[in-house]
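Have a look at the structure below, then the notes.
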Amino acid sequence: MLGVLDRRLSELEDCADRLEAALGADDEAFAAYDRAVSGLHTLRRRVDGESALDDVEDARAAWARATIA
């Protein structure tokens, strides 16, 4: 799951690079998009270590139990 998230974040970064090249670093639309992507990266960096992965797996298992019932 984290691999998919990392891949998608890379795609968002690539899009940000294209926007910057097309619009310029001072463009309001680019700046807003870049802030959003940076915020997602900050959140991703917080998902480190086994305990975070264990929490994700626990949440997935709980969701599976809830939807099967």
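Tabulated data for the structure shown
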| quantity | calculated |
| --- | --- |
| Using alpha-carbon coordinates, inclination of helix 2-23 to the longest axis of the chain, degrees | 10 |
| Projected area averaged over orientations for the chain, convex hull of C-alpha atoms, nm² | 5.8 |
| For Asp26, net neighbour charge (Lys/Arg +1, Asp/Glu -1) across residues whose Cβ lies under 13 Å away | -4 |
| Dipole in debye (nearest 20) - the chain, about Cα centre, beta carbon charges: Lys, Arg +1; Asp, Glu -1 | 340 |
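No lab work stands behind these numbers, since they all come straight from the coordinates. Quick caveat: nothing in here was measured; it's all calculated off a predicted structure. Glycine also receives a Cβ, built like all others from the backbone with ideal geometry; neighbour counts cover every protein chain displayed.
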